[in-house]
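Colleague: Handing you a structure now.
The values are calculated or read from the model by the stated rules, or taken from the named source; none is laboratory data. The structure displayed is predicted, hence computed values, not measured ones. We place every Cβ from the backbone using ideal geometry, glycine too, and count neighbours over all the protein chains shown. For the accessible areas, the whole protein counts, side chains as well, though only heavy atoms, and no ligand, DNA or RNA atoms are used. Shrake-Rupley method; radii C 1.70, N 1.55, O 1.52, S 1.80 Å.
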Amino acid sequence: MGAIGQYFKKIGWKRFIVMIIGNIFISMGVSLFKFAGLGNDPYSGMVMALSDVAGIPFANFLILSNIVVFTLEIVFGKEFIGAGTIVNALFVGYIITFFYELICRWFPEPDTMMMRVFIVLIGTVVTGLGVSMYQTPNVGASPYNEIKNAIKLLKDINKKLGLTIILITHELEVIKYCCNNVAVLEDGKIIENR
């Protein structure tokens, strides 16, 4: 049995299938957010805007951007890479595009704020279900949205390259885990520094 076969034997096909279904639900949710026209998650929104500016289809641009993030993950966080990482990096853009085009064909563009908000609420439920299904099997983090992995990656970059990292957060556990120096801001002014 090859390395890939051993990997799937270790994680189990059920976990793999749940992760695939989770990615499909996440993609449906993102396509609903895009259809509503009220915004998207930061990474998808950034990729959508940059793909428009570059004139590259969204799915292709998402793969290109994921390759950059994936390269950093290979260097600094190999333990987070798994089948879920690969599936998310290579296929989610195409699944989003498929569902978005399907929705645009089947439904008229929402013309009221109430309809847009309703679509966003549906997208939120669908995406939440998808994220739960994607993360529960624990078969690899997506290249861009696993906060604990991103924090570990920043900490590793800081140690290996000696770079200063400026992190803005309200999460006290994150601050406790990774920060050497902390400044507390209020109205744009430092009120405490440790």
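Colleague: Among Ile157, Ile103, which is at pLDDT below 90 and of a type outside the set (S, T, N, Q)?
Modeller: Only one candidate passes the filter, namely Ile157.
To keep it simple, each residue is scored yes or no on (1) at pLDDT 90 or above; (2) of a type in the set (Phe, Trp, Tyr).
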position: Ala3; (1), (2): no, no
position: Gln6; (1), (2): no, no
position: Lys10; (1), (2): no, no
position: Val30; (1), (2): yes, no
position: Ala36; (1), (2): yes, no
position: Gly55; (1), (2): yes, no
position: Phe58; (1), (2): yes, yes
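Colleague: Which numbered condition trips up Met114, out of (1) touching a residue at least 24 places away in the same chain (Cβ under 8 Å); (2) open to solvent by 50 Å² or more (accessible area, probe 1.4 Å)?
Modeller: Among (1) touching a residue at least 24 places away in the same chain (Cβ under 8 Å); (2) open to solvent by 50 Å² or more (accessible area, probe 1.4 Å), Met114 violates only (1).
Colleague: Does at least one position in segment 82-98 carry a residue that is modelled with pLDDT of 95 or more, more than 18 Å from the chain's Cα centre (by Cα) and open to solvent by 50 Å² or more (accessible area, probe 1.4 Å)?
Modeller: For segment 82-98, residues modelled with pLDDT of 95 or more, more than 18 Å from the chain's Cα centre (by Cα) and open to solvent by 50 Å² or more (accessible area, probe 1.4 Å): present.
Colleague: Could I ask something else about it? What are the residues in segment 173-194 that are of a type in the set (A, V, I, L, M, F, W, C) and either open to solvent by 50 Å² or more (accessible area, probe 1.4 Å) or in a helix (DSSP H, G or I) (or both), if any?
Modeller: Selection gives Val174, Ile175, Cys178, Ala183, Val184, Leu185, Ile190, Ile191.
Colleague: When segment 33-79 is examined, which residues are found to be within 17 Å of Leu121 (Cα to Cα) and either of a type in the set (Ser, Thr, Tyr) or touching a Phe, Trp or Tyr at 6+ places or on another chain (Cβ under 8 Å) (or both)?
Modeller: The answer is Lys34, Phe35, Gly39, Asn40, Asp41.
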